[in-house]
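A quick write-up on the structure given underneath.
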Protein chains: 2
Amino acid sequence: MLKEERQQLILQKVNRERKILSKDLSEFLKVSEDTVRRDLNELAGKGMILKVHGGALATRQKIYTYDEASISNLEEKKTIAEKAVSLIRENHVIIVTGGTTNFELVSMIPDHLSITVYTYSLSIAMILTEKPNVEVLFIGGKLLKNAQVTVGIDVIKALSQVHADLCFLGTSALSVTEGLTEINYEVSHVKKAMIEASDNLVLLCTEEKLNMVERYKVCPISRVGTVVTSLSQNTLKRKYANFLATGVDFI
Amino acid sequence: MLKEERQQLILQKVNRERKILSKDLSEFLKVSEDTVRRDLNELAGKGMILKVHGGALATRQKIYTYDEASISNLEEKKTIAEKAVSLIRENHVIIVTGGTTNFELVSMIPDHLSITVYTYSLSIAMILTEKPNVEVLFIGGKLLKNAQVTVGIDVIKALSQVHADLCFLGTSALSVTEGLTEINYEVSHVKKAMIEASDNLVLLCTEEKLNMVERYKVCPISRVGTVVTSLSQNTLKRKYANFLATGVDFI
DNA sequence: ACCAAAAATGCATAAAAACGCAGAAAAATG
DNA sequence: CATTTTTCTGCGTTTTTATGCATTTTTGGT
């Protein structure tokens with residue numbers, strides 16, 4: 001690997017994750033920590049990163065992909081993503097919505113895994129360009145500016161032509177009685193279409209979304225195949241027995 | 001093999017594979033590494049590649065963020081973008097391809113301007129989410145990972161339903177005899193469809209792309225409405241009279 | 001203040017680049 | 001057409017660069 005190539009990778013990783021350890025870089029790039037340090041020194045010399053003891057920090061503040069430092073409950077979301085990624089099998093066709101939990105999910109897809117991903121989120125698509133064996137199909141339509149996802153009739157029509165094994169939905173709110181609900185009207189329709197297009201529905205759900213209800217209905221809880229949370233089975237039994245009683249698979 | 005011929009091959013290979021080793025080039029071209037290095041030095045002198053220890057990298061990198069530091073010929077591109085943005089009128093429907101020059105163009109769209117933009121580039125779409133009065137329609141399809149644009153039959157089909165006032169195309173290569181040509185086969189097809197969908201074709205073209213030819217034909221020069229360069233009319237007359245003779249409007 | 005981890009330093013080695021040169025080929029010149 | 005000049009290319013030599021390892025120094029936490 002060329003030195004500049006390596007430095008580009010470092011820069012990319014630092015800017016994405018806000019911070020990075022020399023040790024991790026050394027392992028990731030398969031070079032000695034010495035070399036990593038030299039690279040970090042050069043990049044820091046150009047002001048492209050901030051070198052600190054043990055690694056480096058990003059200097060750039062404005063980034064368009066998600067900035068992990070600004071994701072709330074990052075650890076919880078990483079736990080969820082880790083569980084969720086284990087549901088994906090070689091050659092699967094999956095649909096992924098937007099949101100920070102799904103962002104962690106696609107970041108964790110291993111390099112060797114060959115799958116096809118449909119998505120309507122710009123940031124998710126960007127991350128996926130780095131996965132060598134993932135075929136990405138972007139669902140076009142009207143761009144919703146705040147969420148950076150496409151919506152509208154074009155999206156629904158495109159989804160009607162799709163057949164996926166799994167659908168990973170970010171969750172706005174989940175309740176036993178109202179099922180899955182959504183803040184945004186247009187997004188609720190797109191999610192319905194995504195569910196229609198998939199054999200199996202997986203919800204990525206942080207604890208704060210449980211027992212919540214939003215304005216627009218997406219689907220009843222019976223339609224959900226699997227809910228992925230960061231909670232242990234014990235905690236679930238203790239605090240969320242009402243969900244377990246619905247028969248939906250919680251992992 | 002002619003020197004020029006060899007350098008064309010190098011350029012192609014670098015742009016296609018993003019990086020290349022001198023050693024591999026030497027073997028591939030059946031010349032000494034010395035000669036390869038001399039070629040790389042010449043190309044790097046013209047800013048067409050980035051020469052590094054062990055080989056070379058493409059100057060055209062992925063744009064993840066609005067990181068102006070990594071854009072080559074930034075000033076030239078800003079000049080071009082400034083001229084180009086003045087062609088846009090209130091309520092226009094425009095199509096924009098990818099590339100760094102278009103990136104500058106959309107960045108310069110004033111906040112008050114109400115227009116509709118079709119694009120197939122993730123980075124362009126991301127920038128446009130910041131423009132309050134721009135309606136963005138993203139053209140979905142298979143994602144080309146290095147360029148971060150969508151291609152394929154879905155893109156062509158979607159474009160067949162579009163009617164735009166203006167089409168701003170980034171330019172890979174422009175010559176009087178071969179017209180507009182493109183490095184990537186799939187992109188060449190998408191560009192054809194974009195041209196079909198528009199009343200008026202505008203090329204954003206840095207000087208280094210003039211009198212160059214790539215493998216895949218997009219359209220003859222007669223189909224081009226306006227070419228936007230950073231050059232003055234005087235310079236154009238002096239150095240590029242052959243283009244002016246075609247009757248195409250150069251600004 | 002002590003200790004483990006991280007960083008700097010010096011050194012060795014291999015790879016790549018630069019340099020100078022020479023011969024062959026191509027282009028220019030009279 | 002002959003010959004002079006220029007360009008192109010490869011080779012041997014020297015210089016520079018990149019990288020890892022061993023050793024010493026610094027740092028930050030407890």
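The values are calculated or read from the model by the stated rules, or taken from the named source; none is laboratory data. Just so it is clear, the model here is predicted, and its values are computed rather than measured. Glycine gets a Cβ as well: all are built from the backbone with ideal geometry, and neighbour counts include every protein chain shown. Heads up: the accessible areas ignore ligands, DNA and RNA and are worked out on the full protein's heavy atoms, side chains in. Shrake-Rupley method; radii C 1.70, N 1.55, O 1.52, S 1.80 Å.
Summary table below
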read-out	value
In the range B:4-27, the residues that are within 16 Å of DNA strand C (Cβ to nearest atom) and either loosely packed, with under 15 Cβ neighbours inside 10 Å or within 14 Å of another protein chain (Cβ to nearest Cβ) (or both)	B:Glu4, B:Glu5, B:Val14, B:Lys19, B:Ile20, B:Leu21, B:Ser22, B:Lys23, B:Asp24, B:Leu25, B:Glu27
When residues of the range B:108-119 are limited to those that are under 21 Å from the mean Cα position of the chain (by Cα) and open to solvent by less than 10 Å² (accessible area, probe 1.4 Å), the one nearest to B:Ser86 (Cα to Cα)	B:Ile109
Close pairs from the range A:97-125: first more than 10 Å from chain B (Cβ to nearest Cβ), partner in a strand (DSSP E or B) and of a type in the set (S, T, N, Q), Cβ under 6 Å, at least 6 apart	A:Gly98/A:Ser121
A:Gly179 being in contact (Cβ under 8 Å) with a residue 24 or more places away in the chain, closer than 19 Å to A:Val85 by Cβ and in the same structural domain as A:Thr79 (by TED's automatic domain parsing)	no
Residue in the range A:186-198 that is more than 21 Å from B:Gly140 (Cβ to Cβ) and assigned by TED's automatic domain parsing to the domain that holds A:Ile94 present	no
Of all residues making up the range B:227-245, the number that are open to solvent by less than 50 Å² (accessible area, probe 1.4 Å) and within 29 Å of B:Arg16 (Cβ to Cβ)	7
Residues within the range B:138-150 that are buried (at least 22 other Cβ atoms within 10 Å of the Cβ), hydrophobic (A, V, I, L, M, F, W, C) and in contact (Cβ under 8 Å) with a residue 24 or more places away in the chain, tallied	2
Members of the range A:201-226 that are surrounded by 18 or more Cβ atoms within 10 Å (Cβ to Cβ) and either farther than 17 Å from A:Ser175 by Cα or among the hydroxyl-bearing types (Ser, Thr, Tyr) (or both)	A:Thr206, A:Tyr216, A:Thr226
Only listed residue being open to solvent by 60 Å² or more (accessible area, probe 1.4 Å) and on the phi > 0 side of the Ramachandran plot, chosen from B:Lys30, B:Lys46	B:Lys30
Condition check for B:Ala158: away from chain A (no Cβ under 12 Å) and of a type in the set (A, V, I, L, M, F, W, C)	no
Failed criterion for B:Leu201 (all others in (1) under 15 Å from the mean Cα position of the chain (by Cα); (2) hydrophobic (A, V, I, L, M, F, W, C); (3) not in a strand (DSSP E or B) hold)	(3)
Condition met for A:Arg38 (at pLDDT 85 or above, within 16 Å of DNA strand D (Cβ to nearest atom), within 27 Å of the chain's Cα centre (by Cα) and more than 22 Å from A:Gly99 (Cα to Cα))	no
Flag if B:Ser160 is more than 15 Å from the chain's Cα centre (by Cα), in contact (Cβ under 8 Å) with a residue 24 or more places away in the chain, assigned by TED's automatic domain parsing to the domain that holds B:Glu75 and surrounded by fewer than 21 Cβ atoms within 10 Å (Cβ to Cβ)	yes
Residue list for the range B:182-200, filter: in contact with an Asp or Glu (Cβ under 8 Å, 6 or more places away or on another chain), over 12 Å from B:Arg223 (Cα atoms) and surrounded by fewer than 20 Cβ atoms within 10 Å (Cβ to Cβ)	B:Ile183
Residue satisfying condition, being within 14 Å of chain A (Cβ to nearest Cβ) and more than 9 Å from DNA strand C (Cβ to nearest atom), within set B:Leu40, B:Leu50	B:Leu50
